[in-house]
1. Over the range 415-560, what percent of the accessible surface lies on carbon and sulfur atoms, probe 1.4 Å?
2. In the range 556-688, if the dipole is taken from +1 on Lys/Arg beta carbons and -1 on Asp/Glu beta carbons about the Cα centre, which of Gln590, Ala571, Gly646 is farthest to the positive end?
3. The range 324-400: percent of C-alpha pairs farther apart than 21 Å?
4. Angle check, please: helix 313-325 long axis (alpha carbons) against the longest principal axis of the chain (alpha carbons), in degrees 0 to 90, nearest 10.
5. Determine the shape class of the range 511-588: with a ≥ b ≥ c the square roots of the Cα gyration tensor eigenvalues, call it rounded for a/c under 1.5, and otherwise prolate if a/b is greater than b/c, oblate otherwise.
6. What spacing in nm lies between the two simple spin-label points modelled at Ser48 and Lys325, each 7 Å away from Cα in the Cβ direction?
7. Pull out the extension gain between Arg576 and Arg639, defined as 0.36 nm times the separation in residues minus the alpha carbon to alpha carbon distance; nm, one decimal.
8. Which semi-axes, in whole Å and largest first, does the equivalent ellipsoid of the range 21-161 have when worked out from the alpha carbon gyration tensor as the square roots of 5 times its eigenvalues?
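The values are calculated or read from the model by the stated rules, or taken from the named source; none is laboratory data. Keep in mind the model is a prediction, meaning the values are calculated, not measured. Glycine also receives a Cβ, built like all others from the backbone with ideal geometry; neighbour counts cover every protein chain displayed. Each accessible area value is taken on the protein alone, full model and side chains, heavy atoms only, with ligands, DNA and RNA left out. Shrake-Rupley method; radii C 1.70, N 1.55, O 1.52, S 1.80 Å.
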Amino acid sequence: MKRVFPVKPVICISIALCVLLSGTILRPAAPSLVKVESKNIRIEFNSSMHSRVTARFDGKETVLGQFGASDTITVDSKELTDFALKDNRQRSVRDELGSGRQIALAGTSGSVQKTVLITVYDEFPQIAFSKVQYANKGSSDLKVTGWTNNRYSIAAAKGASQPHFWSYQSGSYQKRPDWVLPLQANFKQENYLGMNATDYGGGTPVVDVWRHDVGIAVGHVEMAPKLVSLPVAMPDPGQATLGISFRTDQVLKPGAVLETFRSFVSVHQGDYFQTLKAYSRIMQRRGIKFQPAPKAAFEPIWCAWGYGRAFTPSQVDGALPVVKKLGFSWVGVDDGWQSSDGDWLLVKAKFPNGDADMKSLVDKIHAQGFRAQIWWAPLAAKPDSELVKSHPEQLLLNADGSRQRISYWNDWYLCPADAAVLEHHRRLVVKMIKEWDYDGLKLDGQHMNGVPACHNPAHKHGRPEDSVERLPRFFQMIYETAKDIKPDALVEWCPCGTAFNYYTLPYLNMTVASDPHNSWQVRTKGKTLKALHGDSIAYFGDHVELSDERQDFASTVGIGGVPGTQFTWPAGSAQRNRLDLTPEKELIWQKWINLYKEKMLSRGQYLGELYDIGFDRPEAHAIRKSANMYYAFYAPEWRGKIELRGLDGKSYLITDYENNKGLGTIRGPIGILDVQFQKHLLLEAKPQ
């Protein structure tokens, strides 16, 4: 039986300091398992310092996988997995995350001593936080090339049907894969949060794998982006694995210590929504701040991108009457106004009088009662731009001195951690918002989501990773500059299919489905972002023309997103006539914009925990607004029963609000309806 030595609660800033403050002499561990637990999670360690996770819900304990080497270090090309457990102790703690309990374990593998801190908190009963320290106790240098934290497995449930697992994955890739997907045997995705292509990288440092009854997630809670991987794999039909790893190249001198990032493992029921919601709550407790979006951010958007880069100001002006007739509130001037990325001067053929002509276009938009938004791709510069010719020192450079290409536009990266780059972009924001009088910015480009490490000596970085970790500060400058000029300025952030970099979310007030491949991505991205930033920030479902059949408004409206379009008018006014607003389409667009503005579900409370997007069928979403509940169900075709969850114990009148069709009454807390639909069914539950 292990010995426990109670001490006064302390705030643990680092492992070394915790040991110093505790005043506790470590005692030999007994051969039995060492554990730390809270209401919903238990972590157990064996004599080799291997661990396993047990989920504890509804009076039932579920062991998720076998004991494994959850925390390892790679030294001299060998991964050290087994550490002989020598010591352990427990104590109470109190810090920014509240009150909790902590266990410290120490063990050795050759000349390397490992110390593991596991902390659980009363306010986060489903999560265990980890920090690991490796000390060189030998007399020779050790070459360290990487470490892994929180590597666990989850076994398939007995007798479960396929798929055994669903997953949330946060890597950003050029193919722009689904963020939420089922796992199949032999699947593997690295989820590296650095650059996975010349201009694709970044993400939220969390991955999640769940089965129909329980799930597990891992991630880190550092306050800046880190170049970690969060690999998810299904090596065989019986299990899935996940973890967090970090590649490094450093020498650990005798007596020196390496400390990993603060990471966590979480368990849950249902899908990944609760994990991301808890993660964001933790990060907000640690200092992340979200400001509510202005009311105007929830108004529908028409964008002139349908005309392409060849648009003319007269095309935008000419479309305004029908845009107003259909009920849109925002008009977006998109890519094609600029002479060159980087310089961001006006195209003379479109704006012969320069700034005066751009201001005149904005005045016309305002005169029709709209707010005006302008497209912009910060951090990108054309190789032949005057900026690059005159100030090549502002470019981000790779380790070999080469310039990093943004392949989509054939541009170069500018370094977000360079003071001159920040000042150049600050002046551009002032021009757009103050001088041209735009009401909002559409920041666009997959390259915004993550940047490579910068090795440009002109920037005098403390570390090459400064460019990675200070990227959010760059967008903070843009956001705060715009809001200083116009407090209700819209800052839309569209990272073109990449999994959002969590650390930039405080510096925007509209996220986007960002070039979705289909309606599934519109809905899953919406669920993800609502978990991360809550209901006070607008989620734009992107142009409806990017959804299934190019007119699936239901996927945006039903989940509480803001609808938008890029239609062209009149017919034949653009090269891409498939975007023309025909009389038939006009009736559909009018119907959905009216319905959106009537219900305004984007201002409701999205209840993502009520339905499992992987295992519940049909796919379902729920929103509470005032006393009413709203439900959106999606399936190619459905005939059978559906559950309306989250109701109070009273009677509700059910209406198919898309078709204004009454479906009778039900009684909560879970109402059952027998229905038949194709593609979607949108319901309103109004208490009687």
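1. 46
2. With unit charges placed on the Cβ atoms, the residue in question is Gln590.
3. 43
4. Roughly 90 degrees, rounded to the nearest 10.
5. prolate
6. It works out to 7.4 nm between the two label points.
7. 18.9 nm
8. 27, 20, 13
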